[in-house]
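The values are calculated or read from the model by the stated rules, or taken from the named source; none is laboratory data. Keep in mind it's a predicted model, so treat the numbers as computed, not measured. Cβ coordinates were reconstructed from backbone atoms using ideal geometry, including for glycine residues, and neighbour counts include every protein chain displayed. Please note that ligands, DNA and RNA were not included when accessible areas were found on the heavy atoms of the full protein model with its side chains. Shrake-Rupley method; radii C 1.70, N 1.55, O 1.52, S 1.80 Å.
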Amino acid sequence: MKKDQYILGIETSCDETAASIVKNGTEIVSNVVASQINSQKRFGGVVPEIASRHHVEQITLVIEEALHIADMQPKDLDAVAVTEGPGLVGALLIGINAAKAFAFANQLPIVGVHHIAGHIYANQLIQPMEFPLLALIVSGGHTELVLMKEHGSFELIGETRDDAAGEAYDKVARVLGLPYPGGPEIDRLALESEEEIEFPRAWLEPESYDFSFSGLKSSVINYKHNLEQRGEHINPQHVAAGFQASVVDVLTTKTVRAAKEFNVEQVIAAGGVAANKELRTSLEAMFKELNIPFYVPPISFCTDNAAMIAAAGSSMFSSGVRGTLSMNGRPGMELVSWNK
Ligand code: KG4
Ligand code: ZN
């Protein structure tokens, strides 16, 4: 009988300090996330220095808690998987150094995971992945369409040329005077709104799967300035609804076109913006009509967590990937295949 595999995942690339133990790459044994959102809220965004300081304070506690909840000892683990990049370098280093120290002290192998591979593999915690698979990754730092023909194989078919979708949400929220992070706030306002302002869609070249959101952000800013010059006030709900309609329309249309072109067996969405209710509804409806299975993880697995890092790390570990104790934080790390 095959022995069960237990991976400890560690994630500190942005503003969540997280540790999780995952069994056989698919089953969550424990999942601990210490969020810094409340303290970052005061600054209207993530301040790298503050993020690092929080990670230092939390990381040991979070790892201990993950082991405690799982009722496991380090010797019960098979490997440690940690986010190697991309992300804030100071933040990444806290998780990486904790992972290296833990791996060294307990003589465990270590695996460095790409944050986006983690977001994609969050889906593996919900249902098995079927290939070819199309993943739409939409987060605070990323907007990407990735084609996977098998486990550990990634082909980037489209990406943002400027702002990430979540970044656009956060910036527009700031323009509307909403707290950080802006995504959930805009989502809520848009759902309540009965009207929407018409904003442009950046389709780019007809064949392109790339995205662009900075023009949309500028349109919102211009709209606000024009009204203010006339002594009028904007209605945040109507702006939120119009902005979100534009983002959701472009994301849905391009994802659907790619799914058809590459004849995929499964479509998944991942990343913080995949928590967006309108985006989920829109993608679900489109893929239901096309009869292509579409999945998106529950909201707590869309935003940053370490279970997703353990899930991706498990697939890498099973393919023979091993990191070394010279691992460093890689803020601009590219998503490369580990199954070539
Ligand atoms: O994946 P994530 O937790 O961190 C990164 O890796 O970036 O994503 C955070 C982003 C933020 O920009 C946040 O505003 C956005 O996800 N977000 C949302 C929603 N919930 C979080 N955007 C739109 N609608 C939401 N409901
Ligand atoms: Zn993320």
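General observations
- Taking one quarter of the surface of the convex hull spanned by the alpha-carbon atoms of region 87-137 gives a direction-averaged projected area of 4.9 nm².
- Here the relative contact order of the chain, from alpha carbon pairs under 8 Å that lie six or more residues apart, stands at 26 percent.
- Difference of contour (0.36 nm per residue) and Cα-Cα distance, E265 to S300: 10.1 nm
- Rg to Rh quotient for region 131-296, alpha carbon positions, Kirkwood Rh: 1.00
- Residue-wise HN-Hα coupling along region 75-89, computed from phi with Karplus coefficients 6.51, -1.76, 1.60 (Hz; x: Gly, Pro): 5, 7, 8, 9, 6, 10, 10, 9, 5, 8, x, x, x, 6, 4
- Equivalent-ellipsoid semi-axes of the chain, from the Cα gyration tensor, Å, largest first: 35, 24, 16
- Highest-MSF residue in the chain out of N31, N276, N328 [GNM, Cα springs under 10 Å]: N328
- Per residue convex hull volume, Cα atoms of region 206-324, in Å³: 176
- With Cα atoms as the point set, region 12-111 shows a radius of gyration and Dmax of 13.7, 42 Å.
- Whole-percent carbon and sulfur share, accessible surface of the chain, 1.4 Å: 51
- Tally of Lys pairs whose C-alpha atoms are under 20 Å apart, taken over region 131-296, 8 or more apart or cross-chain: 10
- Taking every protein chain into account, the 1.4 Å probe leaves E57 with about 120 Å² of accessible area, to the nearest ten.
- Positive-end ranking of S214, P109, H68 along the dipole of the chain, with charges on Cβ about the Cα centre, is headed by P109.
- Taking region 131-296 and dividing mean pair separation by its residue count, relative contact order in percent (alpha carbons under 8 Å, at least six apart): 28
- Think of a 1.4 Å ball rolled over the protein heavy atoms: the chain then has 44 Å² of accessible area per residue.
- Proximal lysines to K3, defined as alpha-carbon separation beneath 19 angstrom and excluding residues fewer than eight positions away on the same chain: K23, K75
- Cα-centre dipole for region 61-169 with unit charges at Cβ (Lys and Arg positive, Asp and Glu negative), debye to 20: 220
- Cα lying deepest toward the dipole's positive end in the chain, options V336, A99, I21, charges on Cβ: A99
- For region 131-296, a crude dipole built from +1 on the beta carbon of Lys and Arg and -1 on the beta carbon of Asp and Glu, taken about the Cα centre, is about 120 debye to the nearest 20.
- Net charge of the neighbourhood of D249, taken over other residues with C-beta under 13 Å away and scored Lys/Arg +1, Asp/Glu -1, is 0.
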